[in-house]
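Read the structure below first, then the notes.
The values are calculated or read from the model by the stated rules, or taken from the named source; none is laboratory data. Because the structure is predicted, anything quoted here is derived from the model rather than measured. Neighbour counts are summed over all protein chains in view; Cβ atoms, including those assigned to glycine, are modelled from backbone coordinates with ideal geometry.
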Amino acid sequence: MGESSAAADAYENGRYKYIHDIHKGPPEAIDVHHIVLQRSSQKKLLIFCFLTLLLFASSPFFFFFLQQLNLLTTLPWSLLLGGLFVRLLSQKLVKKESVIILPAFGVQLETQYGSGRTIRRFVPINKILKPVLNECVTPVTCYWSLALIIRGEEELMLVFKELYPPVKMLVPIWKAVCAAIDVEET
Amino acid sequence: MTHAYNNRSGVRYMTGGLKVYYVPWKPFLMQNTLPTFYGTLPIIRTILIREKISVVHGHQAFSTLCHEALMHARTMGYKVVFTDHSLYGFADVGSVHMNKVLQFTLADVTQAICVSHTSKENTVLRSGLPPEKVYVIPNAVDTAMFKPAPERLSNNEIVIVVISRLVYRKGADLLVEVIPEVCRLHPNVRFVIGGDGPKRVRLEEMREKHSLQDRVDMLGAVPHANVRSVLITGHIFLNSSLTEAFCIAILEAASCGLLTVSTCVGGVPEVLPDDMIVLAEPDPSDMVQAITKAINILPQIDPETMHLRMKKLYSWHDVARRTETVYDRALRCSSQPLLERLSRYLTCGAWAGKLFCLVMLIDCILWQFLQLWQPDRDIEVVADATLTSFLHEEMSRDSFFFFSGTIDDIS
């Protein structure tokens, strides 16, 4: 990659932050879109989970060991269990999801978790028929999601598997992927 | 907004820009979802906010989703209109409960619509609603679709058409008595019966018993698109319902140029002019007499004239215009504070009134909680999309549907 990236766009909403980078350099400009889960809500979520799990983990122990041991010995156990649960949770907790558009090549979808683990999926450009914005209806809510129609497959591929970004952040990504496909077809 | 039908679930766009939400709540009895009371509050709130709704219009007293939606809409301060499409009794246990539920919904409704004057009387008596709040807007018929046969049928053999659900309410038992008698009295009469239901077995038995296989044709369930083609094979349309608020079936028959013979129940006398319909009491001998009278006046009937008259009398555009007037009146009504609304529920009954108040209070509290959990500004409003290319496909995942178009204005 050639020169450093230029942050073309950054947009914030209470829970999510949208960052658009354009890496200029040979052979062509690479478009990167990030959706970051805000630190404040991440921390809030973590603290909330930790406290509830602490409560759950400590209460049965508390009652069971009350007759035999005292509080000093039960507290480290509950802390340990709580810590273990939080560690497992952070592995599931998403920190950032990115869409990297490599023109004439494909689209790379990345999911970065709180523990540092990153999952990447690559889709070649000729396999993508079209990106679509869906309105998903569940029994309790209705939200927008971005998905790719893959040639030859019945299921749509979701671009953002874990996060639910607002539609204002999805639209520029949708337009960018559409543009990349149109360039490829011509 | 409605519940999901089979695998039809999610958002769909219909002609004219009508957007339908098929919410994935499973129907459990007679196309009705399980009454969850407060379970539908989150999704209804989300839809009302994201679509910038001003008026919520509910239909059908028997729909649990309708009552819940109207209750939540009222709690959230929206204007509410309710349309009642059926007549109900007062005596049996089912009706008593249904009427209580209706009383609850209508205690706080902004405006109500009924499909006939008889229906208005019935609704006002059942629910205790002040009559000034109730408007009468009769249903109409699509006269462009229901046209008479291009060539007039010969009068040698008279064909009587019956198209209805074969259930008790629609008088299937009356048919079982009437048909053999008419076939005996008039040798040149043939019957065509379209429709299905629990009473179909009785009609088949009647056919066997009186050896009427060549005089009575049973067509089974007729899809709505084929109704016209069945109607134009006949001269007379027979309706034997035991109760009817309005009756669109006889409108469709009249639009196709058929003379109607019907039971004089509910709102039926209000539907057609006296020279297009012969009325009878829901009694077999009276109906046989009415059919005889109809057969005698048949030569004077001209299907084309009938169709042209119906075109002038009934049109859905007129219904739409009148419904818009009701919406305008509803929007002009002032919003009332919570205490005043709750006091209206107290008049519903000694213990029922207090129960209704409690239900509404809990709904208000739940709404406040929901607003703390997900504030109104977090729910995104749907942009007005201009649909240029329109692609639709049903996928195996049950909760969504998509459209491909251009979104011009997201700001």
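Yes or no, residue by residue, for (1) assigned by the TED database to the domain that holds B:K19; (2) modelled with pLDDT under 85; (3) under 23 Å from A:I173 (Cβ atoms); (4) touching a helix residue (DSSP H, G or I) at 6+ places or on another chain (Cβ under 7 Å):
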site	(1), (2), (3), (4)
B:P337	yes, yes, no, no
B:L358	yes, no, no, no
B:D363	yes, no, no, yes
B:T386	yes, yes, yes, no
B:S389	yes, yes, yes, no
B:D409	no, yes, yes, no
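Can you confirm whether segment B:77-84 contains a residue that is assigned to a helix (DSSP H, G or I) and in contact (Cβ under 8 Å) with a residue 12 or more places away in the chain?
No, every residue in segment B:77-84 fails to be assigned to a helix (DSSP H, G or I) and in contact (Cβ under 8 Å) with a residue 12 or more places away in the chain.
Consider B:I53 carefully, then state whether it is in the same structural domain as B:L331 (by the TED database) and in a helix (DSSP H, G or I).
When the stated conditions are applied, B:I53 does not pass them.
State whether the residues of segment B:217-228 include one that is modelled with pLDDT of 90 or more, in the same structural domain as B:E177 (by the TED database) and crowded, with 21+ Cβ neighbours inside 10 Å. Explain how you work it out, then say what you get.
Looking only at segment B:217-228, we keep the residues that are modelled with pLDDT of 90 or more, and these are B:217-228.
Checking which are in the same structural domain as B:E177 (by the TED database) leaves us with B:217-228.
Retained after the next criterion (residues that are crowded, with 21+ Cβ neighbours inside 10 Å): none.
Within segment B:217-228, none of the residues are modelled with pLDDT of 90 or more, in the same structural domain as B:E177 (by the TED database) and crowded, with 21+ Cβ neighbours inside 10 Å.
Within segment B:165-213, work out how many residues are among the aromatic types (F, W, Y) and surrounded by 18 or more Cβ atoms within 10 Å (Cβ to Cβ).
Total meeting the criteria: 1.
So is B:R341 in contact with an Asp or Glu (Cβ under 7 Å, 6 or more places away or on another chain) and either modelled with pLDDT under 90 or surrounded by 15 or more Cβ atoms within 10 Å (Cβ to Cβ) (or both) or not?
yes
Being part of a helix (DSSP H, G or I), of a type in the set (K, R) and either in contact (Cβ under 8 Å) with a residue 40 or more places away in the chain or farther than 23 Å from A:Y16 by Cβ (or both) is the filter here; which residues of segment A:151-186 pass it?
Within segment A:151-186, A:K168 is the sole residue that qualifies.
How many residues are within 7 Å of another protein chain (Cβ to nearest Cβ) and within 15 Å of B:T46 (Cβ to Cβ) when one looks only at segment A:133-174?
Matching residues across segment A:133-174 total 10.
I'd like the full set of residues that are part of a helix (DSSP H, G or I) and under 25 Å from the mean Cα position of the chain (by Cα), limited to segment B:142-186.
B:Y168, B:R169, B:K170, B:A172, B:D173, B:L174, B:L175
Starting from segment B:105-125, take each residue that is outside the structural domain of B:V271 (by the TED database) and list its partners that are assigned to a helix (DSSP H, G or I) and of a type in the set (D, E), counting only C-beta distances under 7 angstrom and pairs at least six apart or across chains.
B:S116/B:E270; B:H117/B:E270; B:T118/B:E270
If you take the residues in segment A:21-59 that are in a strand (DSSP E or B) and in contact with a helix residue (DSSP H, G or I) (Cβ under 7 Å, 6 or more places away or on another chain), which one is modelled with the lowest pLDDT?
Checking each candidate, the answer is A:D31.
Which pairs have Cβ atoms under 9 Å, sit 6 or more apart or on different chains, and link a residue in segment B:5-29 that is assigned by the TED database to the domain that holds B:L41 and surrounded by fewer than 12 Cβ atoms within 10 Å (Cβ to Cβ) to one that is at pLDDT 80 or above and among the basic types (K, R)?
That search, which allows pairs on different chains as well, returns B:L18/B:R12.
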